[in-house]
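Undergrad: One structure follows; several queries about it will come next.
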Amino acid sequence: MSGSIVTRWRVLSGETKWEGLLDPLDIDLRRYIIHYGERVQAILDAFVSEMKCWNFGLPRHTKRDLFSEVGLAKGNPYKYVIEKYIYASAAFMPEEVLAKEPKGGAENSKWIGFVAVTTDEGKEVLGRRDILISWRGTIGKVETEIGRKFDLFPASEILGKENDPKVHEGWFKYYTCSDPSSTYNGTSSRDQVLAAVRELVNRYKDEEISISVTGHSMGAVIATLNATDIVYNGYNKTCPVTAIVFASPRVGNKGFRNVFSALNNLNVLQVINDHDWIPKLPPSSILGYDDEHVGQELIIDTTKSEYLKVPKETTLHELEVYLHGVAGTQGKDGDFKLEVARDLALLNKTIDGLNDKILCHVFPKWWTEKIRKKMCVVQLDDGSRVLMDGEIDEDDDVP
C-alpha cells in the first residue's frame, strides 16, 4: 500500500487532475483522501467545545500529543509532527454576536487548525517531505454567525486586483483578522500559516517537498482560499500545492475562479456527499457566487451505505460520514461496498449514525462521553475554580 503511494504521490495529489482515478475511485486515492480527512477530524476531536469550560475554544491536547490522543498514532503509517497550532479571531464581529459565547481563556479567538510536517519515517511512506495545513469546520454560535456573513467581499489585498476576486465575507475576515490585544491572535490565522510555511519550505529546501491543505465545511473554504493564497504569493516557491477538501460551500465569484485557474502547481479535489445541502450554499443566483466549485469533484452518496441509519440532513454533512463514503463509494451509478477497512465504530463517535442492525460494541456519541468524563474542576492562580477540559502546556507556543 505505502509503496504505491511513494511512487504515485504526484498523480494522487492531482498532477493530472485525477484523470481516470475518480470513477471508479482508485484504491490508493481512497486511502490518500481518508488520510487527509482524518487530520481534519483530529482537530474536531480535540477541540474544547463545552462552553462551561474555561478553556472553551482551545485545543484539548498539546501539539506533541494530539495525534496519539485522537488515535492517529497506533497502526498509522503516516507520521507527522505538528509545528504550529493556528488560531483565528472573531474580533471583527459585533459585540452582541461575541456575547453569545463565553470568552474564557481563548478570549475572542478559537483554535482552528495546525501546520505539520512529515517525520523522516513519514517521508519514506509518502515519498516526499509533506507540509500539511489542516482547517476544521464550524463549531459554536459565533462561527455560525460568521458563516451567515455571506456577501461577496473583495480579496484583492491577498489575491491582487486583476479579475476582481471576491469571496465569502465572513470566512475571508476570519482568515485575515488580527487582534493586537489577543493572546492568540496578535497575528491573523493567515499570517500564522504563511510564516510557518515559509520557514518549513526554507528548512527543507534541499528535499522534495509538497504542501497539502485540507479542511471540512468552513475549513474547506478556508483551505481553498489558503492554498490559492500560498501559490499566488509564491510561498510554495516551485513545489506543488494540493487542497483535498470535504463538504465545501461555494468560495467566491468568477473572479476568484479566474485567479485560481491561472496558477500553476495548484490542484483542488472537492469531496461532496450528493445529498449534503451545504456545498450548494451560498445560493449563486442571488449573491453572485460562481455556480461551480474550483478544482475537480469527487461525488459520493452515503445514502447507499447499509451501515448508516436513515440519514438526517445534519449527519450527511459529518466528516466521519464523508470518510465512510470515500471508503465505500463505487461511483456515481454503483452501489456501496467498503474497499478500505475503516472502523465502523467511528460512525458513532459524535453522532448516532451506525445502523442498529450492525453488530458493533459501541454506543452512540461514545467519543463525547469519553471526553465528558475527563473534565474536572481546577483552581486558578487567583484562587478561583473553573471547569477545565484537557491539558495546558506552558511550553506550548502561541502565535
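Undergrad: If you go through the range 223-245, how many residues are buried (at least 24 other Cβ atoms within 10 Å of the Cβ) and either among the charged types (D, E, K, R) or touching a Gly at 6+ places or on another chain (Cβ under 6 Å) (or both)?
TA: 3
Undergrad: Here are some residues: E313, E297. Which one is open to solvent by 10 Å² or more (accessible area, probe 1.4 Å) and in a loop (DSSP other than H, G, I, E, B)?
TA: Working: E297 fails: in a loop (DSSP other than H, G, I, E, B).
Unique residue meeting the criteria: E313.
Undergrad: Determine, yes or no, whether E162 is open to solvent by 30 Å² or more (accessible area, probe 1.4 Å), in contact with a Lys or Arg (Cβ under 6 Å, 6 or more places away or on another chain), charged (D, E, K, R) and at pLDDT 95 or above.
TA: Working: open to solvent by 30 Å² or more (accessible area, probe 1.4 Å): yes; in contact with a Lys or Arg (Cβ under 6 Å, 6 or more places away or on another chain): no; charged (D, E, K, R): yes; at pLDDT 95 or above: yes.
No; evaluated as a whole, the condition is false for this residue.
Undergrad: Can you tell me which residue in the range 319-355 is farthest from R372 (Cα to Cα), limited to those that are open to solvent by 20 Å² or more (accessible area, probe 1.4 Å) and outside any loop (DSSP other than H, G, I, E, B)?
TA: The selected residue is F336.
Undergrad: Something else now. Please go through (1) in a loop (DSSP other than H, G, I, E, B); (2) open to solvent by 50 Å² or more (accessible area, probe 1.4 Å); (3) under 19 Å from I131 (Cβ atoms) for N76 and return the number of the only condition it doesn't satisfy.
TA: (2)
Undergrad: How about the range 254-287: which of its residues are open to solvent by 40 Å² or more (accessible area, probe 1.4 Å) and more than 21 Å from T315 (Cβ to Cβ)?
TA: Restricting attention to the range 254-287, the residues satisfying the condition of being open to solvent by 40 Å² or more (accessible area, probe 1.4 Å) are 254, 257-258, 261-262, 264-265, 274-275, 277, 280-281, 283, 285-287.
Within the range 254-287, K254, R257, N258, S261, A262, N264, N265, P283, S285, I286, L287 qualify.
Undergrad: Which residue is surrounded by the most Cβ atoms within 10 Å (Cβ to Cβ), if the candidates are limited to the range 46-62 and must be touching an Asp or Glu at 6+ places or on another chain (Cβ under 7 Å) and hydrophobic (A, V, I, L, M, F, W, C)? Show your work before the answer.
TA: Kept after step one, since they are touching an Asp or Glu at 6+ places or on another chain (Cβ under 7 Å), are these residues of the range 46-62: 46, 48, 50-51, 53, 55-56, 60-62.
Subset that is hydrophobic (A, V, I, L, M, F, W, C): 46, 48, 51, 53, 56.
Working: A46: 22, V48: 25, M51: 14, C53: 20, F56: 22.
Of everything passing the filter in the range 46-62, V48 is surrounded by the most Cβ atoms within 10 Å (Cβ to Cβ).
Undergrad: Moving to a separate point now. So, restricting to strands (runs of 3 or more DSSP E) that lie completely within the range 134-227, which ones have at least 1 residues that are among the aromatic types (F, W, Y)? Full working, then the answer.
TA: Values: elements: 152-154, 166-168, 209-216.
Hits in the range 134-227: 152-154.
Undergrad: Let me ask you something else. Of the residues that sit in the range 85-99 and are out of contact with any Lys or Arg (no Cβ under 8 Å at 6 or more places or on another chain) and farther than 13 Å from E143 by Cβ, which one is least open to solvent (accessible area, probe 1.4 Å)?
TA: This residue is I86.
Undergrad: In the range 100-114, is there at least one residue being under 19 Å from the mean Cα position of the chain (by Cα), open to solvent by less than 20 Å² (accessible area, probe 1.4 Å) and over 21 Å from W367 (Cβ atoms)? Steps first, please.
TA: Kept after step one, since they are under 19 Å from the mean Cα position of the chain (by Cα), are these residues of the range 100-114: 109-114.
Those still in the list that are open to solvent by less than 20 Å² (accessible area, probe 1.4 Å) too: 109-114.
Cutting the leftovers down to over 21 Å from W367 (Cβ atoms) gives us 109.
Yes, that holds for at least one residue.
Undergrad: Any chance you could count how many residues in the range 366-399 are modelled with pLDDT under 70, assigned to a strand (DSSP E or B) and open to solvent by less than 100 Å² (accessible area, probe 1.4 Å)? Write out each step before concluding.
TA: Going residue by residue through the range 366-399, those that are modelled with pLDDT under 70 are 384-385, 391-399.
Adding the requirement that they be assigned to a strand (DSSP E or B) leaves 385.
After this cut, where a residue has to be open to solvent by less than 100 Å² (accessible area, probe 1.4 Å) as well, the list is none.
Summing the residues that are modelled with pLDDT under 70, assigned to a strand (DSSP E or B) and open to solvent by less than 100 Å² (accessible area, probe 1.4 Å) in the range 366-399 gives 0.
Undergrad: Limited to the range 228-281, what total is found for residues that are in a helix (DSSP H, G or I), among the hydrophobic types (A, V, I, L, M, F, W, C) and over 18 Å from the mean Cα position of the chain (by Cα)?
TA: Filtering the range 228-281 for residues in a helix (DSSP H, G or I) gives 228-232, 254-261, 278-280.
Add one more test, that the residue is among the hydrophobic types (A, V, I, L, M, F, W, C), and what stays is 230-231, 256, 259-260, 278.
Cutting the leftovers down to over 18 Å from the mean Cα position of the chain (by Cα) gives us 231, 256, 259-260.
Result for the range 228-281: 4.
Undergrad: Let me confirm something: among E101, E38, E19, which residue is part of a helix (DSSP H, G or I) and modelled with pLDDT of 95 or more? Please lay out each step first, then the result.
TA: Details: E101 fails: part of a helix (DSSP H, G or I); E19 fails: part of a helix (DSSP H, G or I).
Just one listed residue meets the conditions, E38.
Undergrad: Considering the range 356-365 alone, what residues qualify as being open to solvent by 90 Å² or more (accessible area, probe 1.4 Å) and aliphatic (A, V, I, L, M)? Explain how you work it out, then say what you get.
TA: We begin by selecting, within the range 356-365, every residue open to solvent by 90 Å² or more (accessible area, probe 1.4 Å); these are 356-357, 359, 361, 363, 365.
The answer is L359, and nothing else.
Undergrad: Check the range 37-45 and report whether any residue there is open to solvent by less than 30 Å² (accessible area, probe 1.4 Å), touching a Cys at 6+ places or on another chain (Cβ under 6 Å) and touching a residue at least 24 places away in the same chain (Cβ under 8 Å). Show your work before the answer.
TA: In the first step, residues of the range 37-45 are kept if they are open to solvent by less than 30 Å² (accessible area, probe 1.4 Å); the result is 37, 39-43, 45.
Checking which are touching a Cys at 6+ places or on another chain (Cβ under 6 Å) leaves us with none.
No, every residue in the range 37-45 fails to be open to solvent by less than 30 Å² (accessible area, probe 1.4 Å), touching a Cys at 6+ places or on another chain (Cβ under 6 Å) and touching a residue at least 24 places away in the same chain (Cβ under 8 Å).
The values are calculated or read from the model by the stated rules, or taken from the named source; none is laboratory data. Predicted model, so just to flag it, every value in this text is computed and none were measured. A quick note on method: Cβ atoms are made from the backbone with ideal geometry, for glycine too, and the neighbour counts reach across all protein chains shown. Note: areas computed on protein heavy atoms with side chains; ligands, DNA, RNA excluded. Shrake-Rupley method; radii C 1.70, N 1.55, O 1.52, S 1.80 Å.
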